[in-house]
Amino acid sequence: MTVNRGNAMNIDSSIYVVGENTLIGVAIHRALERAGYCKTFSEKGEDLKNVSQIDRLFRERKPEFVFLAAGKTGGIAANIKYPADLMLDNLLIACNIIECARRYNVKKLLYLASSCSYPRDCAQPMKEEALLTGLLEPTNVAYAVAKIAGIKLCQAYKSQYGSNFIVGIPANAFGPGDDFSEEDSHVVAALIRKMHEAKVNDRKQVEVWGTGNPQREFIFVDDLADACLFIMDNYDTPEPINLGSGMAFSIRDLAEAIREVVGFNGSIVYDTSKPDGMPIKSLDNSKIRDLGWSPYFSLREGLAITYNWYRKEY
């Protein structure tokens, strides 16, 4: 693959990180600042679903590069309870940002999709070419369809207009700034909160949804942000690229690792009446590894940093 170095970011490039309050958006900001980029910005009060507001932002700020890391997300509970909200929010944001990026001649845009976009029963680890080869996981089909629409929209703009819009598919990200709320948190944040509360309140057990058997791939959010900057400068192909750590763990193993980090000494009880979601969800990250990128943090290191942040903030 040939990369157009004219589309690589410079220190003084105008860079728009869409999603100023999201876990991944904040981490991308941190990564850009550490690397010395000095013209990075996010929306300041603009409604990403309001096309006139976003059009004005692009017209006034003239971003050259865009990281699209916005849109509602949630765990299994949120996907079951709010499928319309999740789908509509992600569709509207993707359509508004991608069209404005085209209209105002953005040099390059990175759209972050989701590993939920892969079929429920595709071969593991999941290769990029497995997209749209089977049925989606029923518990998150609305969210997944919205993310797939974003992928296809980027490819359509590349085909029709020649826009350099690329797509990254992240593994399950976690880290400082995650959503630790009871309703909307993903599994890492949910288990950290549950075990911390159980520890400080001297409870004897913590309940975990499902059997504990499903396997998931996790990536510390600072590693994910680093991968995003890497492909922004080193990847120009319209086909999506997986952004993963290459390490999958069962929910049971994850729970035990979090128990150790938190210092919770009680028991873990699995509520098998609750859904597991996809049985296995692991990304094949050979494409980005072949380009020269690899993660820095282990799961244990990332969990420890996340828990220390949680204790300070909450």
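Quick note: the coordinates plus some simple rules give every number you see, no bench work behind them. Keep in mind the model is a prediction, meaning the values are calculated, not measured. Counting neighbours? That spans all protein chains shown, and the Cβs are built from the backbone with ideal geometry, glycine included.
Can you give me the orientation-averaged projected area of the convex hull built on the Cα atoms of segment 227-314, in nm²?
8.2 nm²
What 222 nm value per residue comes from the helices of the chain, counting each DSSP H run with n ≥ 4 as -39,500 (n - 2.57) and dividing by all residues, nearest 500 deg cm²/dmol?
Numbers: 10 runs with 132 residues, N = 314.
That comes out to -13500 deg cm²/dmol.
How do LYS287, LYS72, LYS147, LYS44 line up, fewest other C-beta atoms within 10 Å first?
The fewest-first ordering by Cβ neighbours comes to LYS44, LYS72, LYS287, LYS147.
Do any GluC sites (Glu not before Pro) in segment 98-205 lie in a DSSP loop with no more than 11 other beta carbon atoms within 10 Å, and if so, which?
GLU182
If I build a Gaussian network model for the chain, linking alpha-carbon pairs within less than 10 angstrom, which residue out of ASP222, ASP85, ASP290 has the largest mean-square fluctuation?
Looking only at ASP222, ASP85, ASP290, the biggest GNM fluctuation is shown by ASP290.
Based on the alpha-carbon gyration tensor of the chain, what equivalent-ellipsoid semi-axes (square roots of 5 times the eigenvalues) come out, in whole Å, largest first?
Each semi-axis is the square root of five times an eigenvalue, giving 32, 21, 19 Å.
Calculate, for GLU33 and ALA8, the FRET efficiency according to 1/(1 + (r/R0)^6) with r their C-beta to C-beta distance and R0 22 Å; round to the nearest 0.05.
Here the calculated transfer efficiency is 0.75.
Among bridges DSSP assigns within the chain, what percent are antiparallel (round to 5)?
Values: 3 of 31 bridges.
Of those bridges, close to 10 percent are antiparallel.
Which pairs break 31 Å Cα to Cα here: LYS39/LYS194; LYS62/LYS147; LYS72/LYS274; LYS147/LYS204; LYS81/LYS287?
Listed pairs above 31 Å: LYS39/LYS194; LYS147/LYS204; LYS81/LYS287.
Could you work out which residue, out of VAL167, VAL145, VAL17, moves most in a Gaussian network model of the chain, that is, has the largest mean-square fluctuation with Cα springs under 10 Å?
Residue with maximal mean-square fluctuation among VAL167, VAL145, VAL17: VAL145.
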